[in-house]
């Protein structure tokens, strides 16, 4: 396995040249464009890493799957999906048009920004501080890493440049999808995007889902049902408007973030974390997806 | 003329039953649904009034034509129309979709909410207070009424419920259309909508435009070019997504507001103010437009 | 006047370099890109011409105003506008999206392709041949030119390449807007677009509208009401998604065609025909609109 | 298993009351609204049936997965997906808007009508007759049923009422997505939709996919890669704009048709055919999906 990973990193490194590092805030722009790393953990606890697997990066949209789990724990499946749908959109992740043009007056799914902001508004807590604190605790719990924290420089950048997200927040408030304070929901959203992780951290989150919501200690933190919902949404909506293609090419649940991370899950078997900050035009790690595609083909991982 | 106006008010009063008073904020809801009045001023200063022409109401979207004039005075025609287009949209006044789907990355025109908010951001001033103060002064100047002021109860309601407008403001900020502070622009916008007027006040504004930007004193406040731009936009975009139909039915520049007012202009001749708070589904005074249609037919006012 | 026209042609000729001749069918591509001409007829019959005013070109979308008049004569205003709206769209002339996304299940206006195809379906006649024959006769009548005819080479090109128009036709059939045969409507549409005219021909049509539907003989062919409807729609929708801007810049009713023609109307006074096949990105004669803008400024023609 | 199926049919029969039989052509309207049946075949050839599993119905959109396989065999994966994408749309199956508004000038996926019509245009053959004959042969081959044929009464109805599909065909022709004759592609499309099957027939097709493209004789007809592509697209796009929700609720590849059929695939294990012509608002068998959901829960079939 170790050799395979090293081989795949080397083979796919050239793809990093074809993409670009996210640059909408200056701090993100500092990522090394040719970084590429992978970390795999199996359900016996064995770890395999190759490439830049210790580099820290912000979790960005990968946080959406964590928040969704906590929102369901806090509010129940029925409430959450009365406010946010389960359908892929075919539109870019920051698109607002469907909020207006569709008959369903709710974001299509929790993986697009509009849906994720709505989900953030559902986290229990008396104010943004408590809401986010609870979320961060949950994040630490399921990644089994007490040291996880926000990169505040990036958080400030996200908040200052996040006008499109703020626009969606107020739209959702106007439609009654967000019931509480909009700015609280946005604060939670921008902070969760700014949590710093490594490929190892997200591999742990992947393993948690692979094990249907169990920690390595055997403790069941979320129900298998919740884990299944998340994994399913990762397939249909996890990599923005490339989700359909990624499902064909890679064939396992994946969730990407513009920080360069991709978490992937082989149900019952593996948690996988990939890091490669050079992105394709839709916001997915360009070389990272190639690594996952090769890995899936080599090890016959497709669930289809 | 007096008799004609009384006759037209009486004839069209029943149409008030077919519409509804705006109710998105409680204060607006208190308007008398069957109110209907008209005031006409000719360029010799003669006034003719009928019906509820002394009732106060908030100017709402009619303010958009006033702010546009001041924004052009403050910034020049070229700058203003580099940020806001001149095209009708065919969409509802609070629609956001075209901001995302169109190639032009600017609001289509200054009469839809998105465009008007952008125009508000262009009013000169060090903060929202000064910006609005300058706008209110300009409003008083061209309506020749020093007593004009904001209805603060309605302003607060507008601001508290204005999530869709806030959403558009942040969208425009994200696209670089709004250069200054979004909340400042929104404050100016919500306040301008909440200025209280009567049919007489808006007839004065209409007359100002009919006289190509001159006060009754003969003072030229804006250039004829600016007055022409405003009158033209009133025809193509002045009554929301009914503008095309109103152009056919009424045939003179009109601008409506959800407070129930409609200002109309007969170039070189008349300023007309109508009040009728019962609205059609697109937000125009339902009986008010009927009065204007009849008046246009009786007096052959169509410019086409 | 003659001198003014020559001067304006000469002054604006350089703008032809900034545009492109329509090339979606080979025959159109043969137009001389730097051609530019104008013809004005006043209501005493005086004619003033300058530049390429004898060059033949296909009338294209200018035909839409003629067909609309005949459709209203054939069916009445109420029926026609139950099937086609009066609102500008802000979208390109060949756009199909609003047919699906808008609540009104009809084309927004008769000047976009979808609306014009619907209008073509309303011309009375037992088959496409008779329908078009009636339309051609009406065309000849109001332009007072018995020699007008179709350029069949262009007609065949239009029909062969007209897949987008055919797509809209079938969409409208599916929605029940087109009641008769779709291919008949499309045949009439493609043929009307292929009628050959000169700047003089369309100036005559403009004069007919300026005179509220009267021929030079004094014969009233359509009611003033119909002429007014057409002139109003020319202002709000006559130059595609530049209509708002043209209304500001030129200020009189205009209708353009991708053959390079623009017809303009000064109510009660002048019919104007311009020819300049070099088009701006939205399909309007680029130099032609500049000539009209200058002419309007020089002679104070704006109706606003 | 037999008992389980009978129990699930009985339990879910009441849901048939909540939907409606397709009625856009009269013949479809004759289906019994309360019909419900299921047929399961495992990879050892055992069959289990319950309810109305012998009733004939038209395959409708389920045919899209068969045609896609033949189109890839005929043209290769690369060509097919250069013309049609792999992304879910979030829009109704007969929506046309994304063809215009998206940057990708191709249908989003082969499961929406636009994509399926494009796929039909790729089937090799000198004319519509030969194209469809080849497709029907392929259909018979993979369902191992030489008697399969078109219901010509329904085919004629499809063709006569299929204006929206025809509209999309011409749109795609205009964009160069359809290279051959549009009417040929539409003929193939309307005919494939009108092939008559039973729950058993489609269970056989499901089993063919479950076995990665092998017949019961062991003959490999399409590559495992092609079978995987089809199964993946069934999950992301197989049940129209309910695909995301069905993925969560049922968790196995499904493809529905408005004739009332749903084919489902448990990779490596089972082919499932369900029939229930009462449809939900998005066009899926309302009780049929409930049966599949229960079955998936009882037998732990989810692939996630």
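Read-outs throughout are calculated quantities, based only on the coordinates presented, and are distinct from any laboratory measurement. Since the model is a prediction, treat every value here as computed from it, not as a measurement. Don't worry about glycine lacking a Cβ; one is built from the backbone with ideal geometry, like all the others, and counts go over all protein chains shown.
Below, the figures for the structure above:
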| item | result |
| --- | --- |
| At 7 Å out from Cα toward Cβ: residue A:140 inter-copy label distances (nm, ascending) | 5.9, 6.9, 9.0 |
| Footprinting exposure proxy for B:234, D:1 (fewest neighbouring C-beta atoms within 10 Å first) | D:1, B:234 |
| Residues D:144, C:245 arranged by fewest to most Cβ contacts within 10 Å | D:144, C:245 |
| Segment D:157-304: Cα Rg divided by the 2.2 N^0.38 Å rule of thumb | 1.12 |
| Per-copy distances of the residue C:297 label point, shortest first, in nm (7 angstrom along Cα→Cβ) | 4.0, 6.3, 7.4 |
| Tail weight of P(r) past 37 Å, computed on alpha-carbon pairs of chain A, percent | 7 |
| Calculated FRET efficiency for the pair residue B:44/residue B:3, C-beta based, R₀ 25 Å, to 0.05 | 0.85 |
| For segment A:1-121, Kirkwood radius (reciprocal of mean inverse C-alpha pair distance, Å) | 17.3 |
| Other-copy label distances relative to residue C:217, 7 angstrom Cα-Cβ extension, nm | 6.0, 8.1, 10.0 |
| Whole-Å distance, taken between Cα centres, linking segment D:221-251 and segment B:105-120 | 43 |
| Tilt relative to chain B, helix B:152-161 - C-alpha long axis, 0 to 90 degrees, to 10 | 50 |
| Scattering curve values for the protein assembly as shown, log₁₀ I(q)/I(0), Debye with Cα scatterers, q = 0.04, 0.06, 0.07 Å⁻¹ | -0.25, -0.57, -0.77 |
| Chain C: calculated mean residue ellipticity at 222 nm from DSSP helix runs of at least 4, using -39500 (n - 2.57) | -14000 deg cm²/dmol |
| Per-residue Cβ neighbour rank within 10 angstrom, fewest leading, A:209, A:8 | A:8, A:209 |
| Approximate spin-label separation residue A:11-residue B:10, in nm, with each point projected 7 Å along Cα-to-Cβ | 9.1 |
| √(5λ) per eigenvalue of the Cα gyration tensor, segment B:122-192, largest first, Å | 23, 16, 9 |
| Three principal axis lengths of segment C:1-62 [C-alpha, angstrom, descending] | 39, 24, 16 |
| Averaged over C:221-232, number of beta-carbon atoms from partner chains that fall within 10 Å | 3 |
| Nearest-to-axis residue of chain D, judged by beta-carbon position, where the axis maps D onto B, in Å | D:101, 3 |
| Rounded tilt (10° steps) of D:199-210 against the dominant C-alpha axis of chain D | 70 |
| Net length gained if the chain between residue C:134 and residue C:54 were fully extended (0.36 nm per residue, minus Cα distance) | 26.2 nm |
| Other protein chain Cβ atoms within 10 Å, averaged over every residue that makes up C:161-167 | 6 |
| Descending principal axes extents, segment A:61-193, alpha-carbon based, whole Å | 43, 33, 28 |
